[in-house]
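What follows is a set of notes on a single structure, which appears directly below.
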Amino acid sequence: MTHYKSWKYLNKTLCDRLCDGLRGRITYFLTRYHTVHNAYGRAAIRLDGKEIAEFMWINMYIEEGEESKLWEKNAPAEEFRKMHRELAEKGILSEWDFLQAAVDFLQMPIADALSSENYLVKILAIMDRRVGKRTLQKLAEDGEYKSYPEWVRQFYELRLILWEKEYVQQL
């Protein structure tokens with residue numbers, strides 16, 4: 001995993017990047033269970049205090065179990081990528097996946113983040129203040145986000161609803 005300064009710094013940076021309509025409403029949560037082996041933890045994205053996406057350490061074991069099965073079969077690399085995509089579509093991600101996505105997101109241009117294959121990076125990007133009106137309009141018109149898993153689509157719908165309200169007020 002790419003190194004980051006501290007959770008406090010990472011959290012502040014992510015919150016500072018939120019669009020005006022989500023600032024103060026979206027919060028990021030991370031905790032570590034220091035008494036547990038390897039200090040496992042849990043991460044979440046909250047809307048108005050309610051968790052709408054959760055990433056837990058136990059999901060690492062699910063992923064490792066699936067990887068072990070593929071190793072035993074001597075599966076090609078494509079099967080590993082497919083397995084990781086399927087788990088991500090189901091939202092089976094750990095707090096480490098969340099942290100890695102956050103660090104990656106902060107190091108890439110917003111256009112790259114929006115087109116990323118990583119759902120967590122896409123989520124962080126769609127809530128970013130750098131996503132402008134024309135980009136939101138294009139996303140709404142092409143509707144590609146409708147094919148995303150529900151846990152990802154909810155963030156797109158939230159942002160597009162905010163954009164539509166703002167757009168209607170301007171008329």
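Things to note:
- Selected residue [of a type in the set (Asp, Glu) and closer than 20 Å to Phe55 by Cβ] from Glu144, Glu164, Glu150: Glu150
- Hey, Arg129 of a type in the set (Lys, Arg), touching a helix residue (DSSP H, G or I) at 6+ places or on another chain (Cβ under 9 Å) and touching a residue at least 40 places away in the same chain (Cβ under 8 Å) or not: yes
- Cβ separations smaller than 9 Å between residues 6+ apart or across chains give the following pairs from the range 99-113 residues that are outside any helix (DSSP H, G or I) to residues that are modelled with pLDDT under 95 and open to solvent by 30 Å² or more (accessible area, probe 1.4 Å): Gln107/Thr2.
- Check on Gln100, modelled with pLDDT of 85 or more, among the polar types (S, T, N, Q) and closer than 18 Å to Phe55 by Cβ: yes
- Among the residues of the range 1-28, the ones that are closer than 30 Å to Glu164 by Cβ and either among the polar types (S, T, N, Q) or open to solvent by 50 Å² or more (accessible area, probe 1.4 Å) (or both) come to 10 in all.
- Any hit, the range 147-170, residues being hydrophobic (A, V, I, L, M, F, W, C), open to solvent by 90 Å² or more (accessible area, probe 1.4 Å), assigned to a helix (DSSP H, G or I) and free of Cβ contacts under 8 Å to residues at least 24 places away in the same chain: yes
- Put simply, of Arg46, Arg42 the only residue that is in a strand (DSSP E or B), modelled with pLDDT under 95 and either of a type outside the set (Gly, Ala, Ser) or open to solvent by 40 Å² or more (accessible area, probe 1.4 Å) (or both) is Arg42.
- For the range 115-141, the candidate set comprises residues that are of a type in the set (Asp, Glu) and open to solvent by 80 Å² or more (accessible area, probe 1.4 Å); within that set, the residue that is nearest to Arg17 (Cα to Cα) is Glu117.
The values are calculated or read from the model by the stated rules, or taken from the named source; none is laboratory data. What you see is a predicted model, and the numbers here were worked out from it, not measured in a lab. Positions of Cβ are backbone-derived with ideal geometry, glycine not excepted, and every protein chain shown enters the neighbour counts. Please note that ligands, DNA and RNA were not included when accessible areas were found on the heavy atoms of the full protein model with its side chains. Shrake-Rupley method; radii C 1.70, N 1.55, O 1.52, S 1.80 Å.
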